[in-house]
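S.K.: The structure under discussion is supplied below as structure tokens; questions concerning it will follow.
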Amino acid sequence: MRLSGSLCPIRRAVAPASLRAVTSLNSHGLRFAFGTLTVLPVRVSRWDRGTARAGMLCAPLAGLAVGLLAAAPGALFLLGGSGPLVAAVASAALPAALTRGLHLDGLADTADGLGSARPAEDALRIMKQSDIGPFGVITLLFVLLAQVAALHELYGRGWAYGALGTVVAAVTARLALTLASRRGVPPARPEGLGAAVAGTVPPLGAVAVACAVVVCCAAAGALLGGYAAALQHTLAALAGLGAAHVMLRHCVRRFGGVTGDVFGALEETAATVALLALSLSLAR
């Protein structure tokens, strides 16, 4: 009995220590997510695998921040009488500004690599070049046009529809990065962001975060328009994630794994498809 009692203070001491370690990891994970996925002034002080895992699990929170910041000017422009087109352009442009255009750059580089029809090593070399080829330019043009067109349709229904669509697309896009960082997805290069985060997220953690995000999208839709809107926003998020998964499988097969550019392509793919699915469902 005395031995058991003497262990109690040790257990009580170990528990707070473990809690502090988890809290510290989560804090560094948030910094990692916001520091790598946004231009917000967040200092990333740790780059180890544990921090990368926590950071990618927190990626949808970075998407939420980007989405809210992008939705605000769109809603304000529309309420100010500028019309849905200006609001759509504002909400499509802000995410690019808030990420220094890195995701769009990754999309263009990935399009050049895929369009080159070269072996994996040559395609990866093309993707590292600083210039943008014709495949990249065409892809950027049509993706941005699709985003603006979808947001124009949403803002045409009201500022709340456009703002919520912007947020749902941004969160879905970052959730696609969480899922792409799960174990079993290899890096295509031994260096870079892709190598830092590839395979860090446990499958159960990725599924849990995905379920939480989809439920939140459904709840936000329900607040806006009841059961029908909840279903529409849920399907839009799932459509974006499905498109990103198809892109991920193709890139892994084509390049042998993921890179930072591939992550950018996945993000833009998920956001664009989510917006298009939402605009089409609401147009009925």
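S.K.: Answer with yes or no whether Leu179 is touching a strand residue (DSSP E or B) at 6+ places or on another chain (Cβ under 9 Å), farther than 20 Å from Leu69 by Cα and of a type outside the set (Ser, Thr, Tyr).
M.R.: Spelling it out, Leu179 is indeed touching a strand residue (DSSP E or B) at 6+ places or on another chain (Cβ under 9 Å), farther than 20 Å from Leu69 by Cα and of a type outside the set (Ser, Thr, Tyr).
S.K.: Taking the residues in segment 105-122 that are assigned to a helix (DSSP H, G or I) and over 24 Å from the mean Cα position of the chain (by Cα) as candidates, determine which candidate is surrounded by the most Cβ atoms within 10 Å (Cβ to Cβ).
M.R.: Ala120
S.K.: Let me ask another. Mind telling me which of the residues Phe135, Phe142 ends up being surrounded by fewer than 13 Cβ atoms within 10 Å (Cβ to Cβ) and aromatic (Phe, Trp, Tyr)?
M.R.: The match here is Phe142.
S.K.: Of the conditions (1) in contact (Cβ under 8 Å) with a residue 60 or more places away in the chain; (2) surrounded by 18 or more Cβ atoms within 10 Å (Cβ to Cβ), Arg157 fails just one. Which one is it?
M.R.: (2)
S.K.: So Met127 passes all but one of these: (1) at pLDDT 95 or above; (2) crowded, with 18+ Cβ neighbours inside 10 Å. Which condition number does it fail?
M.R.: Just one mismatch for Met127, condition (1).
S.K.: Same structure again: Checking the condition more than 19 Å from Arg189 (Cβ to Cβ), at pLDDT below 95 and either within 16 Å of the chain's Cα centre (by Cα) or not in a loop (DSSP other than H, G, I, E, B) (or both), which residue from Ala149, Ala96 passes?
M.R.: Sole residue among the options that is more than 19 Å from Arg189 (Cβ to Cβ), at pLDDT below 95 and either within 16 Å of the chain's Cα centre (by Cα) or not in a loop (DSSP other than H, G, I, E, B) (or both): Ala96.
S.K.: Continuing with this model, one more query. Determine whether Ser82 is of a type in the set (S, T, N, Q) and over 20 Å from the mean Cα position of the chain (by Cα).
M.R.: Yes: the conditions hold for Ser82.
S.K.: Same structure, new question: Pairs only if they're at least six apart or on different chains, beta carbon under 7 angstrom, first in segment 114-126 and free of Cβ contacts under 8 Å to residues at least 60 places away in the same chain, second hydrophobic (A, V, I, L, M, F, W, C) and in a helix (DSSP H, G or I); list them, first residue then second.
M.R.: Short answer, once both residue conditions are applied: Gly115/Phe135; Ser116/Ala123; Ser116/Ile126; Arg118/Ile126.
The values are calculated or read from the model by the stated rules, or taken from the named source; none is laboratory data. Computed from a predicted model, the values in this text were never measured in an experiment. Quick reminder, even Gly has a Cβ in these numbers, built from the backbone with ideal geometry, and neighbours come from all protein chains shown.
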